[in-house]
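The values are calculated or read from the model by the stated rules, or taken from the named source; none is laboratory data. Note that the coordinates shown come from a computational prediction; the quantities given were computed from them, not determined experimentally. Because the Cβ atoms are built from the backbone with ideal geometry, glycine has one as well, and the counts that use them run over all protein chains shown. Protein only, heavy atoms only, side chains kept; ligands, DNA and RNA dropped before computing areas. Shrake-Rupley method; radii C 1.70, N 1.55, O 1.52, S 1.80 Å.
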Amino acid sequence: MSTTQSERLRGLLEPLIAARDLDLEEIEVTPAGKRRVLRIVVDSDEGVQLDECAALSREASQVLDDSDVMGGAPYTLEVTSPGADRPLTELRHYRRAVGRLIKAQLHEGGELVARIITVDDAGLDLEVPGVKGRKPTARRVSFDEIAKARVELEFNRKPGKSDDADKRDAQHDEKIDENKEEA
């Protein structure tokens, strides 16, 4: 996708997305046989519900049909939220992951697996799990120290404090289950 097309798509779609109090995370056009796939990834502090993606898809489809930004070739439109394992690249991504376990590659080398306790403009306060019965330790990491990071999926998390991320995940799972039952 040319930079010009990317900028035009962003300029066209960002107002629709912002009007729904969502963040535009990514726009991607990829070939898929004789068609193309236009994937729009959106997110918010509260997460994104399936109904919201569907409504945004209808609005975006109309706006795209009324413009020439995609040209005349056929395409498939997908509106989605980021996956749980997406890279943490923006301050808002880290804020949304408070209470979650992350895996970070550090510029100095090495890997760090820890739970985000707090986030500010300079970095993260983390809780590094104890090994072999030892207590967890606190660690401060600045954003400059992090080469890349992503949320670690926890399948057997011990019950503890109920944080917003867990509530959001549970609501999302319930919504998916409801939609499966309706289908």
Item to complete: Identify all residues within region 112-135 that are surrounded by 10 or more Cβ atoms within 10 Å (Cβ to Cβ) and either more than 23 Å from A84 (Cβ to Cβ) or free of Cβ contacts under 8 Å to residues at least 12 places away in the same chain (or both); write none if there are none.
Response: D120, A122, G130
Discussion item. Cβ contacts < 9 Å: first residue more than 14 Å from I17 (Cβ to Cβ), restricted to region 57-72; second residue open to solvent by 90 Å² or more (accessible area, probe 1.4 Å), any location; separation 6+ or different chain. Result?
Written reply: S67/R8; V69/R8
Item to complete: Return the residue satisfying two criteria in turn: it lies in region 79-111 and is among the basic types (K, R) and open to solvent by 30 Å² or more (accessible area, probe 1.4 Å), and of such residues it is farthest from V151 (Cα to Cα).
Response: R92
Discussion item. Among the residues that make up region 80-94, is at least one of them aromatic (F, W, Y), at pLDDT 90 or above and under 19 Å from V42 (Cα atoms)?
Written reply: yes
Discussion item. Filter region 1-50 down to the residues that are modelled with pLDDT of 90 or more, among the basic types (K, R), within 22 Å of A73 (Cβ to Cβ) and not in a helix (DSSP H, G or I) and list them by number.
Written reply: R35, R36, R39
Practice prompt. Go through (1) among the polar types (S, T, N, Q); (2) free of Cβ contacts under 8 Å to residues at least 40 places away in the same chain; (3) surrounded by fewer than 14 Cβ atoms within 10 Å (Cβ to Cβ) and name the single condition T76 misses.
Written response: (2)
Response to the item:
Filtering region 85-105 down to residues that are among the hydrophobic types (A, V, I, L, M, F, W, C) and touching a Leu at 6+ places or on another chain (Cβ under 6 Å) yields A104
Worksheet item: Of the residues S44, S6, which is among the hydroxyl-bearing types (S, T, Y) and closer than 20 Å to L88 by Cα?
Response: S44
Worksheet entry | Candidates S61, S44, S57, filtered to the one that is open to solvent by less than 60 Å² (accessible area, probe 1.4 Å) and within 30 Å of A147 (Cβ to Cβ) | S44
Worksheet item: If you scan region 142-157, which residues turn out to be part of a strand (DSSP E or B), in contact (Cβ under 8 Å) with a residue 40 or more places away in the chain and open to solvent by less than 80 Å² (accessible area, probe 1.4 Å)?
Response: I146, A147, A149, V151
